[in-house]
Amino acid sequence: MFSKKALTSIELQSVEEIKEYQNKKLQEQLKYLATHSKFYQDLFKKHQIDWKSIQTTEDLKLIPVTTKNDLQQYNLDFLCVPQTEIIDYSTTSGTLGDPVTFGLTDKDLDRLAINEMNSFQRIGVQKGDVVQLMTTIDRRFMAGLAYFLGLRKIGAGVIRVGAGVPQLQWDSILKYQPKFLVAVPSFLLKMLDYAEKNNIDYQNSSVKAVLCIGESLRDKELNPSLLTQKINSKWDIQLFSTYASTEMGTAFTECNESLGGHHQPDLIITEILDENNEVVEDGELGELTITTLGIEGMPLLRFKTGDLLRKHSSKCKCGSNSYRLGPVEGRKQHMIKYKGTTLYPPALHDILNHFDEIKLHLIEIYSNEFGTDEILIRLVSTDETDVFLARIKDYFRAKLRVTPSIKFETFEELQSIVFKPESRKPITFIDYRECD
């Protein structure tokens with residue numbers, strides 16, 4: 001499905017040439033920020049930084065990092081153009097606090113289109129293919145707009161179904177025959193459940209591949225996650241992982257090798273940092289920190305995303321010389337210390353996705369009277385017996401060495417929390433520690 005023709009020209013250059021290209025783009029971005037960004041003008045002045053002395057990506061360590069708190073507190077100070085130049089207003093999801101507004105110029109929208117065009121071409125989408133978008137394009141959601149713009153630039157047909165409603169998704173698939181879907185992978189299980197109950201021959205449908213968003217398809221060793229295995233055990237289609245955020249305005253998308261999302265060197269600079277803001281070794285877990293390239297409206301410099309992942313620099317068989325990012329293994333703010341074990345929500349989600357009986361789940365984290373972390377997992381299940389509960393707990397012990405508290409709920413009790421109308425995606429994790 002994939003062709004080397006889909007690679008950007010910069011990815012085919014040598015590692016040294018890519019590095020030199022990024023150094024040049026970094027200098028251009030610093031000049032732009034020093035001229036147009038009030039926030040970074042103030043930061044350079046406060047820390048007495050001569051931005052002209054920053055010549056390479058290694059020199060970035062001389063600049064303080066930017067955090068989500070900075071974005072929330074000084075949101076409009078990041079804007080580099082008059083508001084009359086803003087064409088689109090997007091906001092972050094607000095997972096870790098109040099949503100932050102990002103203004104995109106006409107040029108930024110073109111860049112966003114190129115970004116997703118590259119991603120779709122990487123998984124094999126060509127002009128004339130039909131792609132079904134199973135994600136929202138409204139509610140100030142940048143990703144849905146980016147997918148549409150990228151597909152339009154390729155010349156692919158787009159079916160904008162939106163999120164949820166398995167019946168409507170299958171109606172569109174059977175009517176318009178899309179070759180590709182863009183979907184949250186766990187929702188594919190609901191699609192399969194609906195298809196089996198309604199005698200839909202999904203194995204012989206037009207769908208050949210899915211660009212999967214919002215949830216990881218791989219574990220930290222880049223092997224298929226339990227969720228991926230579960231989907232592919234039922235449906236023989238290709239699953240491609242993509243990772244992006246509003247702040248980055250850039251996607252990291254897998255190729256056929258399934259060894260992490262490829263870096264787009266012309267769009268972003270990344271650093272993987274430890275607790276002391278030092279770069280970690282290749283393959284080591286750290287916090288993704290990004291510097292955007294080519295953005296007019298609200299570019300960012302050394303922005304700490306809060307996402308913990310690993311960088312992989314070994315050469316990929318697909319022909320690209322860009323490095324890759326592994327799956328998000330957790331968010332720094334969502335780290336859980338439970339009975340002496342450090343956990344992150346993705347590991348809990350992956351275990352719960354292993355059980356066909358579990359139809360809906362919600363993970364709640366809170367602090368007990370001793371100030372230590374507690375985990376409560378609320379489940380909607382077709383089996384509520386003590387035998388099944390023991391199976392779940394045994395699986396947790398085998399995989400994570402600890403067993404959280406588990407409570408069965410009715411669908412009515414849980415659906416109002418998980419499926420909030422104002423939310424872009426299901427809410428399956430709530431951290432009450434943040435409210436303390």
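The values are calculated or read from the model by the stated rules, or taken from the named source; none is laboratory data. Note that this is a predicted model, so its numbers are computed, not measured. Glycine gets a Cβ as well: all are built from the backbone with ideal geometry, and neighbour counts include every protein chain shown. Note: areas computed on protein heavy atoms with side chains; ligands, DNA, RNA excluded. Shrake-Rupley method; radii C 1.70, N 1.55, O 1.52, S 1.80 Å.
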Sort out for me the helices (runs of 4 or more DSSP H) sitting completely within the range 321-436 that have 2 or more residues that are touching a residue at least 24 places away in the same chain (Cβ under 8 Å) and over 20 Å from Ser216 (Cα atoms).
386-400, 411-418
Tell me yes or no: at least one residue of the range 118-125 is among the aliphatic types (A, V, I, L, M), closer than 27 Å to Cys255 by Cβ, out of contact with any strand residue (DSSP E or B) (no Cβ under 7 Å at 6 or more places or on another chain) and open to solvent by less than 40 Å² (accessible area, probe 1.4 Å).
no
Among residues of the range 306-317 being outside any strand (DSSP E or B) and open to solvent by 10 Å² or more (accessible area, probe 1.4 Å), the residue farthest from Ala34 (Cα to Cα) is Lys317
When the range 15-40 is examined, which residues are found to be more than 17 Å from Pro265 (Cβ to Cβ) and open to solvent by 70 Å² or more (accessible area, probe 1.4 Å)?
Lys31, Thr35, His36, Lys38
Please verify whether the range 214-226 includes one or more residues that are of a type in the set (Asp, Glu), closer than 22 Å to Asn353 by Cβ and without any contact (Cβ under 8 Å) to a residue 12 or more places away in the chain.
yes
Checking the structure you have, find out if any residue of the range 171-189 is hydrophobic (A, V, I, L, M, F, W, C) and over 25 Å from Asn353 (Cβ atoms).
yes
Qualifying positions in the range 207-233 - under 27 Å from Tyr176 (Cβ atoms), among the hydrophobic types (A, V, I, L, M, F, W, C), under 20 Å from the mean Cα position of the chain (by Cα) and assigned to a loop (DSSP other than H, G, I, E, B):
Ile213, Leu217
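Conditions (1) of a type outside the set (A, V, I, L, M); (2) over 19 Å from Pro345 (Cα atoms); (3) over 28 Å from the mean Cα position of the chain (by Cα), marked per residue:
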| residue | (1), (2), (3) |
| --- | --- |
| Asp373 | yes, no, no |
| Ile377 | no, no, no |
| Glu384 | yes, yes, yes |
| Asp394 | yes, no, yes |
| Leu400 | no, no, no |
| Thr410 | yes, yes, yes |
| Phe419 | yes, no, no |
| Lys425 | yes, no, no |
| Thr428 | yes, no, no |
Counting only residues that are assigned to a loop (DSSP other than H, G, I, E, B) and among the hydrophobic types (A, V, I, L, M, F, W, C), how many does the range 181-206 have?
2
Flag if Thr66 is crowded, with 17+ Cβ neighbours inside 10 Å and either aliphatic (A, V, I, L, M) or in contact (Cβ under 8 Å) with a residue 40 or more places away in the chain (or both):
yes
Number of positions in the range 298-319 that are within 19 Å of Phe44 (Cα to Cα) and not hydrophobic (A, V, I, L, M, F, W, C):
3
Of all residues in the range 101-117 being open to solvent by less than 10 Å² (accessible area, probe 1.4 Å) and farther than 18 Å from Ala251 by Cβ, which is modelled with the lowest pLDDT?
Gly103
Spot the failing condition for Glu364; the list is (1) within 24 Å of the chain's Cα centre (by Cα); (2) open to solvent by 20 Å² or more (accessible area, probe 1.4 Å), and only one is missed.
(2)
